[in-house]
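K.L.:
Quick one: this structure, given as structure tokens, is what I'll be asking you about.
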């Protein structure tokens, strides 16, 4: 019994010692001087994700000279700590350059009147911005920097100027900003869906018919086809928002009488809804006024 107790005590002591050693080796977590950030934006139908670290000005001069934080004409990791990365779920065009889907290191070469932006396959360079090979570049293009109206203390990357198919990536720090445009191929993807779900479908859903009609209307495609689709969507169960779309299509086709009738129907349906939809009722009034004006 004594030997067992002695053995048990030794084993427990060894366990405690190992745990203490393990705890001593564990790193203490503290905030980074340049905290990590991830920003994601859907551009058209493509997801774009940028992961970077955000250094601060901290009283320093950032751009414009050979001894500034970001040296003039020298490659920069576009942030701090690990390599800044940009990831695309689909192929995109950036400033006219085709970039395949994938994840790349985002590097820049800032100069007073021009920045060179480089996307490279290397994601592990960190501070060694000259260590990768140029033959691993996926894209290289130039952009114009500009002076910011307000000083930005912490380096910031944002998505701006969004449209249904494009967005700008803006990089702002201290008194300088620069941005580049990403363009996503939306039309071919949407048209492929319309072809599958509407054109080649013997019994397309009302929602798909309406979505196809709206896309044709918004993008100045075949309005006669758009009208045929929205009429089919409205044939059995007209919704006020879909009838509103029919009114807009007819108005664009200069069918003022048809637009007037559809707008009036849309308004009645909107007011009869539970709860009533005043916004669509107002849009109906506006469409009727436009149709009346156009029919004169």
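K.L.:
Considering the stretch 119-166 alone, what residues qualify as being surrounded by 15 or more Cβ atoms within 10 Å (Cβ to Cβ), free of Cβ contacts under 8 Å to residues at least 24 places away in the same chain and touching a helix residue (DSSP H, G or I) at 6+ places or on another chain (Cβ under 7 Å)?
P.N.:
120
K.L.:
Among the residues that make up the stretch 264-279, is at least one of them under 35 Å from the mean Cα position of the chain (by Cα), in contact (Cβ under 8 Å) with a residue 12 or more places away in the chain and closer than 17 Å to residue 217 by Cα?
P.N.:
no
K.L.:
Looking for something within 22 Å of residue 208 (Cβ to Cβ), without any contact (Cβ under 8 Å) to a residue 24 or more places away in the chain and part of a loop (DSSP other than H, G, I, E, B) - is there at least one such residue anywhere in the stretch 235-253?
P.N.:
Yes, the stretch 235-253 contains a residue that is within 22 Å of residue 208 (Cβ to Cβ), without any contact (Cβ under 8 Å) to a residue 24 or more places away in the chain and part of a loop (DSSP other than H, G, I, E, B).
K.L.:
Something else now. May I ask you to list the residues in the stretch 43-63 that are under 23 Å from residue 177 (Cβ atoms) and surrounded by fewer than 16 Cβ atoms within 10 Å (Cβ to Cβ)?
P.N.:
Selection gives 49, 58, 59, 60, 61.
K.L.:
With the requirement that a residue be closer than 15 Å to residue 178 by Cβ and part of a strand (DSSP E or B), what does the stretch 150-166 give you?
P.N.:
If the condition is that a residue be closer than 15 Å to residue 178 by Cβ and part of a strand (DSSP E or B), then 152, 155, 156, 157, 158, 159, 160 are the ones that fit.
K.L.:
Here is a list of conditions, (1) free of Cβ contacts under 8 Å to residues at least 12 places away in the same chain; (2) surrounded by 13 or more Cβ atoms within 10 Å (Cβ to Cβ); (3) in the same structural domain as residue 75 (by TED's automatic domain parsing), and residue 191 meets all of them except one; can you say which number that is?
P.N.:
So the condition that residue 191 fails would be (3).
K.L.:
Does the stretch 223-233 include one or more residues that are more than 16 Å from residue 284 (Cα to Cα) and outside any helix (DSSP H, G or I)?
P.N.:
Scanning the stretch 223-233 turns up no residue that is more than 16 Å from residue 284 (Cα to Cα) and outside any helix (DSSP H, G or I).
K.L.:
Somewhere in the stretch 224-247, is a residue touching a helix residue (DSSP H, G or I) at 6+ places or on another chain (Cβ under 8 Å) and within 29 Å of residue 91 (Cα to Cα)?
P.N.:
yes
The values are calculated or read from the model by the stated rules, or taken from the named source; none is laboratory data. As the structure is a computational prediction, the values presented were derived from the model and not from experiment. As a convention, Cβ positions derive from the backbone with ideal geometry for all residues, glycine included, and neighbour counts pool all protein chains shown.
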